[in-house]
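The structure appears right after this line, and notes come after that.
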Amino acid sequence: MAMGWKLVIDSTNAPVLADFWAAALEYEVEDPSALVEQLLAAGHLGAEAVVEHRGRKIFRGFAGVRHPEDPFDETSGVGHGRRLLFQEVPESKSVKNRLHIDIHSEPGGLDQLVTRLEGLGATRIQEFDKGPAGHWWLMEDPEGNEFCAA
């Protein structure tokens with residue numbers, strides 16, 4: 001049986017970075033507001049642990065995105081499949097990623113993909129054209145995390 005997993009990405013602003021990656025991957029931003037409200041009402045969570053983002057109450061310092069076709073918990077909003085979790089850390093990114101995401105375009109659609117990603121806040125860094133071995137752009141998300149558009 002395959003193991004369950006999620007990719008956790010350190011960030012300085014988890015909700016904003018989650019918004020970028022949800023749009024880039026065409027994923028859904030997880031909505032934990034029902035769970036947050038239940039925990040607040042029961043006194044299990046203090047107001048300092050909550051922040052509002054795009055009209056929803058979320059856990060301070062955390063945000064997740066999930067594949068729109070994968071199952072998820074209706075109360076917590078947490079996906080049970082392909083998922084990225086963003087957690088805030090005090091330090092900013094300082095070195096090259098050791099792990100990165102590749103986003104693939106439709107055949108012949110690399111230029112449109114790169115333009116769309118730039119419109120979301122990504123930055124082009126370097127183009128690689130290896131002929132039959134591949135053509136891609138090294139890019140950075142709004143917090144400087146490297147990824148490839150291929």
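The values are calculated or read from the model by the stated rules, or taken from the named source; none is laboratory data. Predicted model, so just to flag it, every value in this text is computed and none were measured. Glycine also receives a Cβ, built like all others from the backbone with ideal geometry; neighbour counts cover every protein chain displayed. All accessible areas refer to the heavy atoms of the entire protein, side chains included, with ligands and DNA or RNA removed. Shrake-Rupley method; radii C 1.70, N 1.55, O 1.52, S 1.80 Å.
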Unique residue being part of a helix (DSSP H, G or I) and open to solvent by 40 Å² or more (accessible area, probe 1.4 Å) when the list is 18, 22, 34 = 34
Cβ-Cβ below 9 Å, separation at least six or inter-chain, first residue in segment 123-150 and farther than 15 Å from residue 93 by Cβ and outside any strand (DSSP E or B), second open to solvent by 70 Å² or more (accessible area, probe 1.4 Å) and basic (Lys, Arg): which pairs?
-> none
Only one of 43, 64, 55, 77 is on the phi > 0 side of the Ramachandran plot and in contact with a Leu (Cβ under 8 Å, 6 or more places away or on another chain), namely 77
Restricting attention to segment 43-58, does a residue exist that is outside any loop (DSSP other than H, G, I, E, B), among the acidic types (Asp, Glu), over 16 Å from the mean Cα position of the chain (by Cα) and more than 18 Å from residue 25 (Cα to Cα)?
-> yes
Those residues of segment 33-54 which are in contact (Cβ under 8 Å) with a residue 24 or more places away in the chain and over 30 Å from residue 148 (Cβ atoms), in sequence order = 33, 34, 35, 38, 51
Subset of segment 101-114 [loosely packed, with under 14 Cβ neighbours inside 10 Å and either at pLDDT 95 or above or of a type in the set (A, V, I, L, M) (or both)] | 102, 104, 109, 111, 112
Filter segment 59-79 down to residues that are in contact with a strand residue (DSSP E or B) (Cβ under 6 Å, 6 or more places away or on another chain) and outside any loop (DSSP other than H, G, I, E, B), then give me how many there are.
-> 7
Of all residues in segment 41-54 being open to solvent by 50 Å² or more (accessible area, probe 1.4 Å) and aliphatic (A, V, I, L, M), the one that is farthest from residue 73 (Cα to Cα) | 47
Could you list, in sequence order, all residues of segment 80-100 that are assigned to a strand (DSSP E or B) and either surrounded by fewer than 14 Cβ atoms within 10 Å (Cβ to Cβ) or touching a Leu at 6+ places or on another chain (Cβ under 8 Å) (or both)?
-> 83, 84, 85, 86
